[in-house]
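The values are calculated or read from the model by the stated rules, or taken from the named source; none is laboratory data. Being a predicted model, the structure only gives us computed values, none of them experimental. Here the Cβ is made from the backbone with ideal geometry for all residues, glycine too, and neighbour counts use every protein chain on show. Accessible surface is based on the protein model in full, side chains and every heavy atom, while ligands, DNA and RNA are left aside. Shrake-Rupley method; radii C 1.70, N 1.55, O 1.52, S 1.80 Å.
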Amino acid sequence: MELIYKAKWIIVVLSVIVWVITFGVLFAGGSAFVNRTFLILNLILLLAQITNMIRAGKRDIGISLTICLTITILLLWAAYLWSWNYTVKALTVGSE
C-alpha cells in the first residue's frame, strides 16, 4: 500500500495517458481484445487512485487526489457510458 501511495502522481498521469489511448482505440477502431484490455487497465488505475485517496486521508494532498479521481471518473463516464451502444459493440465484436 505504501508503494502505491508513493507513486500517487505517476498513477494519475498513467490514468490520463491510458484514457487518451482508450478513447482513441475505442472510437478510432480496435479489436475487442484491445478494448477489453484498456477497460481493465482503466479499472485497475481507478482502484489505485481510490486507494491513494483513502490513504491520503485528511492531508492536503487528499483534496488534489479527490479532484483527480473525480476527473478520471468523469472521463471514463464520457468514454464508456455516454455512447453505451457503441461501447458494447467495441467490447464484443470490435470496430473492425
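Which one of Val20, Val93 is open to solvent by 50 Å² or more (accessible area, probe 1.4 Å) and either at pLDDT 80 or above or among the small types (Gly, Ala, Ser) (or both)?
Testing whether each residue is open to solvent by 50 Å² or more (accessible area, probe 1.4 Å) and either at pLDDT 80 or above or among the small types (Gly, Ala, Ser) (or both) leaves just Val20.
Just give me the residues in region 13-59 being within 21 Å of Leu3 (Cβ to Cβ) and not aliphatic (A, V, I, L, M), in sequence order.
Ser15, Asn42, Gln49, Thr51, Asn52, Arg55, Gly57, Arg59
Can you tell me which residue within region 60-88, out of those that are of a type in the set (Val, Ile, Thr) and either open to solvent by 40 Å² or more (accessible area, probe 1.4 Å) or touching a strand residue (DSSP E or B) at 6+ places or on another chain (Cβ under 7 Å) (or both), is farthest from Lys6 (Cα to Cα)?
Val88
For Leu39, indicate whether it is of a type in the set (A, V, I, L, M) and surrounded by fewer than 17 Cβ atoms within 10 Å (Cβ to Cβ).
no
Condition check ((1) touching a His at 6+ places or on another chain (Cβ under 6 Å); (2) of a type in the set (S, T, N, Q); (3) within 27 Å of Gly30 (Cα to Cα); (4) modelled with pLDDT of 85 or more) across all residues:
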residue: Leu45; (1), (2), (3), (4): no, no, yes, yes
residue: Gln49; (1), (2), (3), (4): no, yes, yes, yes
residue: Asn52; (1), (2), (3), (4): no, yes, no, yes
residue: Arg55; (1), (2), (3), (4): no, no, no, no
residue: Asp60; (1), (2), (3), (4): no, no, no, no
residue: Thr66; (1), (2), (3), (4): no, yes, no, yes
residue: Leu76; (1), (2), (3), (4): no, no, yes, yes
residue: Trp84; (1), (2), (3), (4): no, no, yes, no
residue: Val88; (1), (2), (3), (4): no, no, yes, no
